[in-house]
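Just below is one structure, and these are the notes that go with it.
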Amino acid sequence: MCDFVDIDINGSTYQLPVVNGIYSNNKAINISKLVENTGFITFDPGFKNTGITKSSISFIDGEKGKLLYRGYPIEQIIEKCSFIETCYLILNGDIPNSKQLEFFSQKIKKFNFLHPKFYEIINQIPNFYHPMGFLSFLTHIMTAFTKSNLIEGNDIYIDLLSKFPLLVALIYRKKIGIPPILSDTNIYYTSNLLKMFFSVSNKLYHHNPIIEDALDKLLILHADHEQNCSTTTVRLLGSAHVGLFSSISSGINALWGKRHGGANQAVIEMLEIMLQNGSNINKWINKAKNKKDPFRLMGFGHRIYKNFDPRAVIAKKVAEKLIDKLGIHDPILELAKKLEETALQDSYFQEKKLYPNIDFYSGIIYQSIGIPKEMFTVMFALGRLPGWIAHWREMKKNNDPIGRPRQIYIGYKKRNIDKSN
Ligand code: ACO
């Protein structure tokens, strides 16, 4: 572990402090005084080499394919915790004991209702609007329907966690054209979510523990992922002292993009097209490798994972188990597995270290559950919510400075307006 590094700029040596993380391979050069001392800024499009904060929520070792939430490996959390326990862990720093869990769960139930205006407002929006647009909008306007004493207090996080599944179910039912139903606070979070989706009036709703378990696991896999694009968006807005609901509403918009959470919808759409066109895998692999073709293999590649994405490994197992237990024959899963196998043997994907990411298998799980494609990224947002909230709170607690990058200007040099001709 070193405390300083020397850099040489045009013959002058500058000593820059090193910021060390808990692991020896996680270290940064503190350049916060660089421009002041040298006149240079750093240039790092896409923040590929830039650490923006110190954080203690999750840790990724991209070379080894490891993911920890508050120090616990994702594989252990999947085995031993529910999504609600994971929310507690991410928000409060440790696994709750039974008393803490009961208190937390009861508190979530306390806020499990929506202002009646939400039901009116959602009906004013055209049905063709994408569910992620609905979710961002409804999250944003929560500020208008929340008492200011709640907004200022700690319960605001619980309020959001509690209301989010109601918003998600409301959007789903609006999209398929059936009226919303009330939340059932007597049952577990994920069971209630599924009931709010699939319960039909006049028919007794039957819980399916296999589906509930698969969905709960998928939510856990999405719960946090350090400084990804949407989380950074949430933190960036928060750093300007924008409120929680508006910051998260913007995070939802960032997640919507196909290069980020929107990839889960894009993966299934891609697999369906491949299936319709005769499943010629090599043709698609070659298309993805062709630099003149904008096509990319959706669900492949990750900024940080350069070995494998541990979430994708778990999601694949969850998908296989779910499909097996439900007795479904899913040609999409078969195609996905073949595509993965072929890509992993291809030198282009090997050299560029491109592996399946979480989005490669998550859509197959949602589809088996009966959730439509357009809702996939909304489900991702539901899972990511505890992470976004935890990062927003951490940013506030640390009093991080306002996020404001620099640029290299390549436009016109100063010139004068001449209207003489
Ligand atoms: N298919 C084909 N080639 C790819 C793919 C892909 N899926 N992903 C990356 N590459 C290639 C790029 O063309 C580039 O090649 P080059 O060096 O010859 O120019 C190289 O691999 C590096 O790719 P970048 O885009 O520079 O890597 P970056 O870290 O910026 O992007 C990203 C990562 C956005 C995930 C990218 O791999 C991608 O677009 N994947 C497909 C979309 C996707 O699955 N997104 C979900 C990510 S996980 C999540 O957000 C939850």
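Separation of segment 234-290 from segment 59-77 is 22 Å, based on Cα centroids. Restricting the calculation to Cα atoms, segment 171-258 shows an Rg/Rh of 1.07 when the hydrodynamic-style radius is the Kirkwood one.
About its Cα centre, the dipole of segment 1-136 is roughly 600 debye, where the only charges are +1 on Lys and Arg Cβ and -1 on Asp and Glu Cβ. Here segment 252-345 is treated as a sphere whose radius is the Kirkwood value from Cα pairs; by Stokes-Einstein at 4 °C and 1.567 mPa s it diffuses with a coefficient of 89 µm²/s. Value of Rg to Rh for segment 60-128, rounded to two decimals, is 1.20; Kirkwood radius and Rg both from alpha-carbon coordinates. Of all the C-alpha pairs in segment 331-421, what % are more than 23 Å from each other? Result: 62 percent of Cα pairs exceed 23 Å.
If only the Cβ of Lys and Arg carry +1 and only the Cβ of Asp and Glu carry -1, the dipole of the chain around its Cα centre is close to 1000 debye. The share of C-alpha pairs in segment 75-215 whose separation exceeds 19 Å stands at 57 percent. Across all directions, the average flat footprint of the convex hull enclosing the Cα atoms of the chain is 28.0 nm². Given their separation in residues at 0.36 nm each and the Cα-Cα distance between them, ASP400 and ILE210 gain 64.1 nm when the chain is fully extended.
Taking every full run of DSSP H in the chain, the ones that stretch at least 30 Å from end to end by Cα along their long axis and average -1.0 or higher on the Kyte-Doolittle scale are 155-176, 376-397. Only protein heavy atoms count here; under a 1.4 Å probe, VAL378 has an accessible surface of about 0 Å². For segment 58-166, GluC sites (Glu not before Pro) meeting the loop criterion (DSSP other than H, G, I, E, B) and having at most 14 other Cβ atoms within 10 Å: GLU63. Per residue, the solvent-accessible area of segment 60-132 (1.4 Å probe, heavy atoms of protein chains only, all protein chains present) comes to 54 Å².
Both radii are taken from the alpha-carbon atoms of segment 13-68; with Rh as the Kirkwood radius, Rg/Rh is 1.02. If you roll a 1.4 angstrom probe over the protein chains with everything in place, what fraction of the accessible area of the chain belongs to carbon and sulfur, to the nearest %? Ligands and nucleic acids excluded, carbon and sulfur give 53 percent. For segment 100-157, the Stokes-Einstein estimate of translational diffusion at 20 °C and a viscosity of 1.002 mPa s comes to 161 µm²/s, using the Kirkwood hydrodynamic radius over alpha-carbon pairs.
What residue among THR190, THR232, THR146 shows peak mean-square fluctuation when the chain is described by a Gaussian network model with Cα springs under 10 Å? Of THR190, THR232, THR146, the Gaussian network model singles out THR146 as fluctuating most. Where the centre of each part is set by its Cα atoms, how far does segment 293-338 sit from segment 106-179, in angstrom? Using only Cα atoms, the two centres lie 31 Å from each other. Which one of LEU218, TRP284, LEU255 is farthest out on the positive end of the charge dipole of segment 206-295, using unit charges on Cβ (Lys, Arg +1; Asp, Glu -1) and the Cα centre as origin? Result: TRP284. Taking chymotrypsin sites (Phe, Trp or Tyr not before Pro) across segment 36-121, the ones in a DSSP loop with at most 11 further Cβ atoms lying within 10 angstrom of their Cβ are PHE43.
The values are calculated or read from the model by the stated rules, or taken from the named source; none is laboratory data. These numbers were taken from a predicted model, which means no experiment stands behind them. Using ideal geometry, Cβ is built from the backbone for each residue, glycine included, and neighbour counts are taken over all protein chains shown. Quick note on the areas: whole protein, heavy atoms, side chains included, nothing else; ligands and nucleic acids left out. Shrake-Rupley method; radii C 1.70, N 1.55, O 1.52, S 1.80 Å.
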